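Q: My questions will all concern the structure given below.
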Amino acid sequence: MHDPLFQPISLGAIEAPNRIVMAPLTRGRATREHVPTPLMVEYYRQRASAGLLISEATGISQEGLGWPNAPGIWSDEQTEAWKPVTEAVHAAGGRIVLQLWHMGRIVHPDFLGGEPPVSASATRAPGHAHTNDGTKDHETARPLRIDEVPRLLGDYERAARNAKAAGFDGVQLHAANGYLIDQFLRDGTNLRTDEYGGSPQNRVRLLREVVETLIGVWGKERVSIRLSPNGDSQGVDDSNPAAVFGEAARVLEQLGVAFVELRQPGPGGTFGSTDVPQQDGLIRSIYTGPLLLNSDYTPEQAAADVASGRADAISFGRPFISNPDLVARIEAGAPINPNKGVPQTWYFPGEFGYTDYPTLAEETALA
């Protein structure tokens with residue numbers, strides 16, 4: 001029943017033995033200084049049977065990282081601390097790429113010495129920011145100045161070089177979920193009138209420049225991207241998603257990135273819900289490389305969409321939290337464990353709800 005998921009696939013230069021990908025999952029187990037910890041080594045090692053692991057979102061700079069205990073990749077200390085993670089994944093037979101993250105207006109000034117965050121325009125995210133001192137209201141961002149773009153691209157380049165030094169197999173640009181690149185893409189948050197605003201071509205300009213920067217470090221066959229092309233995400237939305245994401249797909253086709261991953265919630269989604277039509281069909285008609293789909297997939301739905309050609313692979317998020325051996329469970333048709341104590345254990349420090357889930361083999365031995 002699940003055979004389509006167990007066919008090998010080339011994701012650029014990465015040869016994946018199956019089409020079950022672990023989606024990026026923020027877990028908050030780094031230090032307060034955003035340095036990866038030994039606990040993270042075990043977490044990723046346990047999940048190395050995925051066709052590909054996409055790491056949790058990882059900050060390219062302090063300016064871009066506003067989540068307590070999330071990891072970064074801008075310092076030598078962070079880079080060195082990532083090395084045991086990649087070594088453990090590779091020793092277990094796995095492959096892992098690092099997702100590069102700039103949160104834009106979602107960063108609270110508490111992380112920035114009181115300075116406002118940067119975004120496409122002077123807008124304010126709804127809801128609350130997570131800080132080291134609890135939740136606080138988001139504050140209005142300042143527009144990124146054009147003369148700051150080279151510095152931002154330099155931050156991405158440094159992060160990409162550090163990811164290579166840390167032993168990753170590639171990088172993924174986080175351009176989804178209402179963060180900085182998404183804030184530039186969509187007209188609900190991009191109110192600019194310069195060359196980075198207005199038309200879809202202009203709003204895609206920063207995405208293009210960042211991807212070109214990453215390709216300059218890694219080569220196109222090891223650079224990928226995540227997009228969320230339908231519906232509101234953290235207050236970021238667009239009046240004509242087909243226009244801007246169609247243009248983004250054209251850019252990604254021209255640049256020849258390794259693969260594109262789409263997070264596409266639907267009506268009644270368990271982590272985001274929208275009636276805005278999904279855009280994978282449009283993107284599929286323009287971008288000819290491997291397309292990964294994500295959001296609320298069951299193994300049966302995943303196999304069906306791969307078999308039909310709608311997707312080349314499926315990325316699973318929350319099922320990988322409580323099922324380190326999700327690949328084996330799907331292959332055996334075994335039950336998929338629910339998360340315990342969620343959402344508290346998604347982000348709290350410690351092993352509980354992180355590295356203490358049993359594998360199918362361990363459950364069978366105890367039965």
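Coordinate-derived values only; no laboratory data. Please read these numbers as outputs of a predicted model, since none were measured by experiment. Neighbour counts run over all protein chains shown; Cβ positions are idealised from the backbone, glycine included.
Q: Please compute, for the alpha-carbon atoms of the range 296-335, the extent along each of the three principal axes and give them in descending order in Å.
A: Between the extreme Cα coordinates on each principal axis of the range 296-335 lie 28, 19, 13 Å.
Q: For helix 205-218, report the angle its Cα long axis makes with the longest principal axis of the Cα atoms of the chain; keep it between 0 and 90° and round to the nearest 10°.
A: Rounded to the nearest ten degrees, it is 50.
Q: Which of Ser49, Pro84, Thr26 sits farthest toward the positive end of the charge dipole of the range 19-87, with +1 on the Cβ of Lys and Arg and -1 on the Cβ of Asp and Glu?
A: Result: Ser49.
Q: Provide, in order from the shortest bin, the percent of all Cα-Cα pairs of the range 113-167 in each 5 Å bin, continuing until the bin that contains the maximum pair distance.
A: 4, 16, 16, 18, 15, 18, 11, 2
Q: May I ask for the Rg/Rh ratio of the range 39-106, computed from Cα atoms with Rh as the Kirkwood radius, given to two decimals?
A: Numbers: Rg = 12.4 Å, Rh = 12.5 Å.
Rg divided by Rh gives 1.00.
Q: Residue-wise, which Karplus ³J(HN,Hα) couplings in Hz belong to the range 327-343, taking 6.51 cos²θ - 1.76 cosθ + 1.60, θ = phi - 60°, and x for glycine or proline?
A: For the range 327-343, the Karplus curve yields 4, 5, 5, 5, 4, 8, x, 7, x, 9, 5, x, 6, 10, x, 7, x Hz.
Q: Nothing charged except the Cβ atoms of Lys and Arg (+1) and of Asp and Glu (-1): what's the magnitude of the dipole of the range 65-124 about its Cα centre? Round to the nearest 20 debye. Please report the intermediate quantities before stating the final value.
A: Working: 4 positive and 6 negative charges, 68 e Å.
Once rounded to the nearest 20, the dipole reads 320 debye.
Q: Please report, to two decimal places, log10 I(q)/I(0) for the chain at q = 0.08, 0.10, 0.11, 0.12 Å⁻¹ as given by the Debye formula with identical point scatterers on the Cα atoms and no solvent.
A: After summing over all Cα pairs, the log10 values are -0.36, -0.57, -0.70, -0.85.
Q: Three principal axis extents, largest first, for the C-alpha atoms of the range 109-218, in Å?
A: 37, 37, 24
Q: A further question follows. Among 25-37, 330-342, how do they line up from the highest to the lowest mean number of other beta-carbon atoms within 10 Å?
A: Values: 25-37: 18.6, 330-342: 14.0.
Peptide ranking by packing, descending: 25-37, 330-342.
Q: Once you charge only the Cβ atoms, +1 for Lys and Arg and -1 for Asp and Glu, what is the size of the charge dipole of the chain about its Cα centre, to the nearest 20 debye? Spell out each step's value before the answer.
A: Values: 32 positive and 45 negative charges, 50 e Å.
So the dipole magnitude of the chain works out to roughly 240 debye.
Q: OK, next. If a/c stays under 1.5 just call it rounded; otherwise compare a/b with b/c (prolate if a/b is bigger, oblate if not). Do that for the range 171-231, with a ≥ b ≥ c from the square roots of the Cα gyration tensor eigenvalues. Write down the numbers at each step before the final one.
A: Values: a/c = 2.93, a/b = 1.56, b/c = 1.87.
Oblate, because a/c is 1.5 or more while a/b does not exceed b/c.
Q: If I take every Cα pair under 8 Å that is 6 or more residues apart in the chain, average their sequence separation and divide by the length, what percent do I get for the relative contact order? Before the final figure, lay out each step's value.
A: On the way: 814 pairs, mean separation 62.5, N = 367.
RCO, the chain: 17 percent.
Q: If packing is taken as the mean number of other Cβ atoms within 10 Å per residue, what is the order of 201-207, 57-63, highest first?
A: On the way: 201-207: 21.0, 57-63: 24.4.
Ranked from most to least packed, the peptides come out as 57-63, 201-207.
Q: Ranked highest first by average number of other Cβ atoms within 10 Å, how do 150-156, 256-262, 347-353 line up? Present the calculation step by step, with values, prior to reporting the outcome.
A: Working: 150-156: 16.7, 256-262: 24.1, 347-353: 14.9.
Most protected by this proxy first, the peptides run 256-262, 150-156, 347-353.
Q: Can you give the Kirkwood hydrodynamic radius for the range 227-367, in Å, rounded to one decimal and based on Cα pairs?
A: Values: mean 1/r = 0.0588 Å⁻¹.
Computed over the range 227-367, the radius equals 17.0 Å.
Q: Can you list residues from other chains, or at least 5 along the same chain, whose modelled amide H is less than 5 Å from the amide H of Glu56?
A: Under 5 Å from the amide H of Glu56 lie the amide H atoms of Leu25, each far enough along the sequence or on another chain.
Q: List the lysines whose Cα lies under 17 Å from the Cα of Lys220, skipping any in the same chain that are fewer than 8 positions away.
A: The qualifying lysines are Lys164.
Q: Let me ask something additional. Compute the orientation-averaged projected area for the range 44-201 from the convex hull of its Cα atoms and round it to one decimal in nm². List each step's numbers first, then the result.
A: Numbers: hull surface 40.0 nm².
Approximately 10.0 nm², given one-decimal rounding.
Q: How large is log10 of I(q)/I(0) for the range 291-367 at q = 0.19, 0.24, 0.25 Å⁻¹ when the intensity is taken from the Debye formula with one equal scatterer per alpha-carbon?
A: Here log10 of I(q) over I(0) equals -0.86, -1.11, -1.16.
Q: Residues with amide H under 5 Å of Gln172's amide H, sequence separation 5 or more or different chain, H placed in the peptide plane at 1.01 Å from N; which?
A: Leu98, Gln99, Leu100, Ser224
Q: Still on this structure, please answer the following. Would you list Asp137, Asp305, Asp325 from fewest to most Cβ contacts within 10 Å? Walk me through the intermediate numbers first.
A: Working: Asp137 11, Asp305 20, Asp325 23.
Lowest to highest Cβ neighbour count: Asp137, Asp305, Asp325.
Q: Okay, helix-only estimate at 222 nm for the chain: each DSSP H run of n ≥ 4 adds -39500 (n - 2.57), divide by all residues, round to 500 deg cm²/dmol; what do you get?
A: The per-residue figure over the chain is -9500 deg cm²/dmol.
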